[in-house]
Ligand code: FES
Ligand code: MG
């Protein structure tokens, strides 16, 4: 392997020449208190930190950045910490998804415009992982992803609580009048006990597992709990390793190949795969020049068993248990034969080498292939006259009686209308009804909100029902569950056929056949299509306006058209 020399470093173009501009760059580092001995000839490592006081999942990141710096310094690099947009999942409205591409743009431009030779990306809360990775893949300098790690398992009255999943569950019980205010308060205080991302296999842990499986994290890093001292050690290891990656010129295009993307998709299916992962994985893959499609994912979903017994798709355990059971390396070891273990990773070694010695310590948490949680993978892709460009469902998370189902639609055009109706105890609804929400997609939401786990009508909850078939063009939280068909494409707001459905029409789901249809005659649909109103624009200015002009549909990953790899000539290096 040929190693770079100091004069080959990208940053040498800022600091090396004996000219006025470089004089300026050097003098400004000296303004920061550094001597030439601190930075000349050394790899400059950008630590892109998505810490924020409104990102509860990343509250440990200021400390972790120090651990990364420790590693970078030891390895002879020069660390610089750059605050990055912290797209948090809990507080960002209307939805964090509106801002994933903003983080991706920021990451790309921040790397391109600054004298960075390599980057450590610090993220974890749902959209931060794809946002950072998408931008860094385009920027192309050596990178390591440092996942925030899951929080400790929740605890209330001696019972484990899972992020999201248990909030929904206890909320249904509260709506049914089954739990007291005191109990509800206890759940509120116990469900998020430490720094770190949601500790179910929700979007955050699925996305970090995907990134790990792509070879972009240190092996198994995605499973280490945020507050474990091993997480600090992993952070310092990231710092040490990225410096060598710069010398080795180990760029992400050598790592994120078609085979690596396929590995990541298989691992996603085996872990329980948040439905959101579909959108993000497709977007990330396309940034790397890999045209991953919904059909590819369905094919992998049909053949990959779900073996991580972690909620919500698994029954019993949480991410902390998954870590103690051996973590992602152990899971990947179980399915090693299905993976392309020759793929290069950030360690400079192959995936197969990274998996050597990995072991399962609890085979109820990480199941053998002979005893999976669910025989097929976590995800299925549907097509039909309601979703010609696809829709997704999580078969393992829904009551099997809905796998083949026919029932009358109950259609809502807005979330507030639907919410008012489901809270009406006298709503005329049966468990056979199909609850439908539209105008909730990338453009209609706007921003593709997580509304897809439509609440079960109170009238049904009181009768003891906890699931029903639901359809929307929204996403749903990765910690959600139920018979929810999501990501219907094209979305209704742009005239997708979901816009033609009327209350009372019969909808048919046939999951084994991967079909979702409305049983309405074609000439009737044509008449309805001709009468569709032109929707009002959602934004008149600003980011939302730009988002509306450029976001792509769910089936291609919701990237901006002009950020996609094939859009046009790459910007190249800045002229200095
Ligand atoms: Fe941050 Fe769930 S809210 S990962
Ligand atoms: Mg989430």
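Residues are listed down the side, and each one gets a yes or a no for (1) assigned to a helix (DSSP H, G or I); (2) under 22 Å from the mean Cα position of the chain (by Cα); (3) modelled with pLDDT under 95; (4) surrounded by fewer than 24 Cβ atoms within 10 Å (Cβ to Cβ):
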{"site": "134", "(1), (2), (3), (4)": "yes, yes, no, no"}
{"site": "138", "(1), (2), (3), (4)": "yes, yes, no, yes"}
{"site": "144", "(1), (2), (3), (4)": "no, yes, no, no"}
{"site": "163", "(1), (2), (3), (4)": "no, yes, yes, no"}
{"site": "168", "(1), (2), (3), (4)": "yes, yes, yes, yes"}
{"site": "173", "(1), (2), (3), (4)": "yes, no, yes, yes"}
(message) Restricting to the range 271-285, count the residues that are more than 16 Å from ligand 1 (Cβ to nearest atom) and touching a strand residue (DSSP E or B) at 6+ places or on another chain (Cβ under 6 Å).
(response) 1
(request) Determine whether the range 286-297 contains at least one residue that is free of Cβ contacts under 8 Å to residues at least 60 places away in the same chain, out of contact with any helix residue (DSSP H, G or I) (no Cβ under 9 Å at 6 or more places or on another chain) and more than 16 Å from ligand 1 (Cβ to nearest atom). (result) no
(message) Let me spell it out: the conditions are (1) touching a residue at least 12 places away in the same chain (Cβ under 8 Å); (2) away from ligand 2 (no atom under 16 Å from the Cβ); (3) surrounded by fewer than 24 Cβ atoms within 10 Å (Cβ to Cβ); (4) assigned to a loop (DSSP other than H, G, I, E, B), and residue 499 meets all of them except one. Which number is the exception?
(response) (4)
(request) For the range 470-483, indicate whether the set of residues that are closer than 30 Å to residue 549 by Cβ, outside any helix (DSSP H, G or I), within 16 Å of ligand 2 (Cβ to nearest atom) and in contact with a helix residue (DSSP H, G or I) (Cβ under 6 Å, 6 or more places away or on another chain) is non-empty. (result) yes
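How many residues are in contact with a strand residue (DSSP E or B) (Cβ under 7 Å, 6 or more places away or on another chain) and either within 20 Å of residue 431 (Cα to Cα) or assigned to a loop (DSSP other than H, G, I, E, B) (or both) when one looks only at the range 513-542?
Going through the range 513-542, the residues in contact with a strand residue (DSSP E or B) (Cβ under 7 Å, 6 or more places away or on another chain) turn out to be 514-519.
Adding the requirement that they be either within 20 Å of residue 431 (Cα to Cα) or assigned to a loop (DSSP other than H, G, I, E, B) (or both) leaves 514, 516-519.
Of the residues in that region, 5 qualify.
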(message) If the requirement is being surrounded by fewer than 24 Cβ atoms within 10 Å (Cβ to Cβ) and closer than 24 Å to residue 151 by Cα, which of these qualifies: 268, 264, 325?
(response) 325
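A quick yes/no check of all residues on (1) without any contact (Cβ under 8 Å) to a residue 60 or more places away in the chain; (2) within 16 Å of ligand 2 (Cβ to nearest atom); (3) part of a loop (DSSP other than H, G, I, E, B); (4) crowded, with 23+ Cβ neighbours inside 10 Å:
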| residue | (1), (2), (3), (4) |
| --- | --- |
| 30 | yes, no, no, no |
| 33 | yes, no, yes, no |
| 37 | yes, no, no, no |
| 41 | yes, no, yes, no |
| 47 | no, no, no, yes |
| 52 | yes, no, yes, no |
| 67 | no, no, no, no |
| 70 | no, no, no, no |
| 91 | yes, yes, yes, no |
(request) Report whether or not residue 219 is more than 15 Å from ligand 1 (Cβ to nearest atom), within 27 Å of residue 309 (Cα to Cα) and touching a residue at least 60 places away in the same chain (Cβ under 8 Å). (result) yes
(message) Pairs please, first residue from the range 247-262 and farther than 20 Å from residue 299 by Cα, second anywhere and assigned to a helix (DSSP H, G or I), Cβ atoms under 6 Å, 6+ apart in sequence or on different chains.
(response) 252/137
(request) Name the one entry in 399, 424 that is surrounded by fewer than 21 Cβ atoms within 10 Å (Cβ to Cβ), over 28 Å from residue 555 (Cβ atoms) and touching a residue at least 24 places away in the same chain (Cβ under 8 Å). (result) 424
(request) Scan (1) surrounded by fewer than 19 Cβ atoms within 10 Å (Cβ to Cβ); (2) within 15 Å of ligand 2 (Cβ to nearest atom) for the single condition residue 99 breaks and write down its number. (result) (1)
(request) Select the strands (runs of 3 or more DSSP E) contained entirely in the range 338-432, then report the ones holding at least 1 residues which are over 26 Å from the mean Cα position of the chain (by Cα). (result) 404-412
(message) If I go through the range 197-216 residue by residue, how many of them are near ligand 1 (Cβ under 8 Å from one of its atoms) and either surrounded by fewer than 24 Cβ atoms within 10 Å (Cβ to Cβ) or in a loop (DSSP other than H, G, I, E, B) (or both)?
(response) 2
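The values are calculated or read from the model by the stated rules, or taken from the named source; none is laboratory data. If you're wondering where the values come from, they're calculated on a predicted model, not measured in any experiment. Methodologically, a virtual Cβ is constructed for each residue, glycine included, from the backbone with ideal geometry; neighbour enumeration extends over all protein chains shown.
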